[in-house]
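To start, the structure itself, in C-alpha cells.
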Amino acid sequence: MALAGEVVTEGAARIYTRIDGKSAFYNPLARLSRSIAVAIVAVGRLVVADALAGTGVRGIRYLLETNAVDHVLFNDKSSAACEVIKANLEANNLADKGEVVNLEANHFMHAYRFRFNVVDIDPFGSPAPFVDSAVATVRRGGVVAVTATDLAPLCGLHPQSVMRKYSSMSIYTDYCKEVGLRILIKEVVSAAGRHMRYATILTAHVTEQYARVYMLVEEGKRPYPHGSIGFLVHSFGDNSVTCVPAREFYEEPRLEAGDRVALAGPLWIGPLHDKKLIEDAISIVERGEALSEGERRRVLRILRIFRDEAEMPPYHYNIHRACKEAGVPVPKVEEVIEGLRQMGYAASRTHFCGYCIKTNAPYRDLLYLLRGM
C-alpha cells in the first residue's frame, strides 16, 4: 500500500505518524520501553488490547516481533489516529491481525470485557483514570501493563498531585524514581483488590521519563499483600532509609527525637521483577533478530540488571553523593558492589541510575567502605 506521509522505523515496524494531513501521537523517547515490552509480552499466545494506541506502534511491534501475539485490538479516541493505525497495519501487512476501535479508553475496555490476555495502558500523563478498567476487564490470568509519564508528581515534586492521583506520599530523593515506580505498582495492586481480584508483579522499570509496570491479574479474594505494601522513612540526619511494612508502621517508635525525616507511601516494598520471567525474556531477545545490534545489547543489559536487582531492598544509594559525604574520590561501581559483598552484604547495580547501587548494607557501612577504598 503506497502512502504519502511521515514514516519512522522501529524494531521490525514501519510506522506512519502522519498521512494525508491526519496525525497520531508517536513518542520516539519511548522506543526502549516498547522494546522491553516486546520481550516481556513474547512469553505466551495472546490477544492484546492497546487501549490508547496513538500510531499503533506498540501493538504492531507485538505482532511483528513475537510469536506470542495472535491479535491486537487498537483503540484511540482520535478518529485521525484510527486512520493512521489502519494505514500502519496495511503498511506492515497486518490488516488481518488487528482491529481498530474509536472509543474513549475506559468505554473501550468495558465494551470488550474479558476479550484480552493483555491490556496495555500507555497514556500521556497519569494512568490513574484507566487502571481500574484495565484490572477489571482483562481475562483471568491476564497481564495489565501500565505506563506513567507523570514522573514529576510520582517523584515527589508535586506532593498534592501524587496524593490526589495515587493516594500516596512521595519524597524527592536520589531514589525518587524508584519511589514513584513503587507507588504505581501499589496503585495496580489496590485497584485489583477493589474488583475482587489480585495482582502479582511480573516486572517494572523506569526508562527515559517513563515508569512501566507489568502485573499478572487473577480472580479471587487472595489476602491483601500486607507484607509487600508499606512505607519508606528517609532520615535527612544520616541519609539512612528504613523500610516498614504497613501493618507494622504504628507498632513501635522507630525515630530518634529531633530527627528530620520524610515519609513515602503507601507503596510496594516487595520484589520489582519475577526472575523466571526475566530469564525467559533474556532468552527471547538473545534469539531475536528484529532489533539492531546496538539496541539488542541495550535491552539485554537492562534485562540482566532487572534480574540482579529483583530481590534487593526497595531503595538505592547514589555513589557520587555518598563519596562526596565521605570526602573520597568516586570508585568504580563494580568495586563498591564487590566490597559490600566481601563485607557479607547483598549488592547489585540498579536500572534506575548508572552510578547507584542497591544493597542491604546500612548507609553508615557504605560510607565506611568508601573511606577505606
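The values are calculated or read from the model by the stated rules, or taken from the named source; none is laboratory data. None of the values given here were measured: they were computed from a predicted structure. Note: ideal-geometry Cβ built from the backbone for every residue, glycine included; neighbour counts use all protein chains shown.
So, of the residues in the stretch 6-35 that are of a type in the set (A, V, I, L, M, F, W, C) and surrounded by 22 or more Cβ atoms within 10 Å (Cβ to Cβ), which turns out to be nearest to the chain's Cα centre (by Cα)?
Quick first cut of the stretch 6-35, residues of a type in the set (A, V, I, L, M, F, W, C) only: 7-8, 12-13, 15, 19, 24-25, 29-30, 32.
Filter again for surrounded by 22 or more Cβ atoms within 10 Å (Cβ to Cβ), leaving 13, 15, 24, 30.
Numbers: Ala13: 23, Ile15: 24, Ala24: 23, Ala30: 12 Å.
The residue in question is Ala30.
To keep it simple, each residue is scored yes or no on (1) touching a Cys at 6+ places or on another chain (Cβ under 7 Å); (2) in contact (Cβ under 8 Å) with a residue 40 or more places away in the chain; (3) within 23 Å of Phe231 (Cβ to Cβ); (4) crowded, with 20+ Cβ neighbours inside 10 Å.
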residue	(1), (2), (3), (4)
Lys275	no, no, no, no
Glu289	no, no, no, no
Glu295	no, yes, no, no
Arg321	no, yes, yes, no
Lys324	no, no, no, no
Phe352	no, yes, yes, yes
Cys356	no, yes, yes, yes
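Out of the residues in the stretch 90-122 that are among the charged types (D, E, K, R) and touching a helix residue (DSSP H, G or I) at 6+ places or on another chain (Cβ under 7 Å), which is surrounded by the most Cβ atoms within 10 Å (Cβ to Cβ)? I'd like the intermediate steps shown before the answer.
Initial filter on the stretch 90-122 (among the charged types (D, E, K, R)): 90, 96-97, 99, 104, 113, 115, 120, 122.
From what is left, the residues that are touching a helix residue (DSSP H, G or I) at 6+ places or on another chain (Cβ under 7 Å) are 97, 113, 120, 122.
Values: Lys97: 17, Arg113: 12, Asp120: 24, Asp122: 26.
Restricting to residues being among the charged types (D, E, K, R) and touching a helix residue (DSSP H, G or I) at 6+ places or on another chain (Cβ under 7 Å), the top hit is Asp122.
Does the stretch 199-218 hold any residues that are under 19 Å from Val119 (Cβ atoms) and in contact with a Phe, Trp or Tyr (Cβ under 8 Å, 6 or more places away or on another chain), and which are they? Result: Ile201, Leu202, Thr203, Ala204, His205, Val217, Glu218.
Ser228 falls short on exactly one of the conditions (1) in contact with an Asp or Glu (Cβ under 9 Å, 6 or more places away or on another chain); (2) farther than 27 Å from Asp50 by Cα, and that condition is (1). Residue-level analysis places Arg61 among those that are farther than 22 Å from Leu184 by Cβ and under 20 Å from the mean Cα position of the chain (by Cα). For residues in the stretch 181-224 being polar (S, T, N, Q) and closer than 22 Å to Arg247 by Cα, which is surrounded by the most Cβ atoms within 10 Å (Cβ to Cβ)? Here the residue is Ser190.
Select from the stretch 46-67 the residues that are farther than 15 Å from Asp120 by Cβ and assigned to a loop (DSSP other than H, G, I, E, B) and list them in ascending order. Step through it out loud before you land on a result.
In the first step, residues of the stretch 46-67 are kept if they are farther than 15 Å from Asp120 by Cβ; the result is 64, 67.
Within the stretch 46-67, just Asn67 meets the criteria.
Applying the criterion of being of a type in the set (S, T, N, Q) and part of a strand (DSSP E or B) to the residues of the stretch 173-219, the residue that is farthest from Pro313 (Cα to Cα) is Thr207.
Checking each residue in the stretch 68-91 for being assigned to a helix (DSSP H, G or I), polar (S, T, N, Q) and in contact with a strand residue (DSSP E or B) (Cβ under 6 Å, 6 or more places away or on another chain) picks out only Asn88.
Pick out, from the stretch 95-168, the strands (runs of 3 or more DSSP E) lying fully within it that include 1 or more residues that are acidic (Asp, Glu), under 17 Å from the mean Cα position of the chain (by Cα) and modelled with pLDDT of 95 or more. Break it down stepwise before answering.
On the way: elements: 98-101, 118-121, 142-148.
Output list reads 118-121.
Checking every residue in the stretch 334-347 against the condition of being in contact (Cβ under 8 Å) with a residue 40 or more places away in the chain, in contact with a Leu (Cβ under 7 Å, 6 or more places away or on another chain) and not hydroxyl-bearing (Ser, Thr, Tyr) gives zero matches. Looking only at residues in the stretch 297-315 that are touching a helix residue (DSSP H, G or I) at 6+ places or on another chain (Cβ under 9 Å) and among the β-branched types (Val, Ile, Thr), the one that is surrounded by the most Cβ atoms within 10 Å (Cβ to Cβ) is Val299.
Out of curiosity, is Glu178 surrounded by 21 or more Cβ atoms within 10 Å (Cβ to Cβ), among the charged types (D, E, K, R) and either outside the structural domain of Asp132 (by the TED database) or in contact with a His (Cβ under 7 Å, 6 or more places away or on another chain) (or both)? It is true that Glu178 is surrounded by 21 or more Cβ atoms within 10 Å (Cβ to Cβ), among the charged types (D, E, K, R) and either outside the structural domain of Asp132 (by the TED database) or in contact with a His (Cβ under 7 Å, 6 or more places away or on another chain) (or both).
Quick check on Asn67: is it surrounded by fewer than 19 Cβ atoms within 10 Å (Cβ to Cβ), farther than 22 Å from Ala13 by Cα, within 26 Å of the chain's Cα centre (by Cα) and of a type outside the set (Val, Ile, Thr)? Full working, then the answer.
Details: surrounded by fewer than 19 Cβ atoms within 10 Å (Cβ to Cβ): yes; farther than 22 Å from Ala13 by Cα: no; within 26 Å of the chain's Cα centre (by Cα): yes; of a type outside the set (Val, Ile, Thr): yes.
In short, no.
When restricted to residues that are closer than 16 Å to Gly193 by Cβ and surrounded by fewer than 15 Cβ atoms within 10 Å (Cβ to Cβ), the stretch 225-250 contains 3. In summary, Met169 fulfils each of the numbered conditions (1) touching a strand residue (DSSP E or B) at 6+ places or on another chain (Cβ under 7 Å); (2) buried (at least 20 other Cβ atoms within 10 Å of the Cβ); (3) not charged (D, E, K, R) with the single exception of condition (2).
Candidates Glu311, Glu289, Glu279: the one that is closer than 23 Å to Lys177 by Cβ and among the acidic types (Asp, Glu) is Glu311.
When Arg31 is tested against (1) more than 20 Å from Tyr214 (Cβ to Cβ); (2) part of a helix (DSSP H, G or I), only condition (1) is not met.
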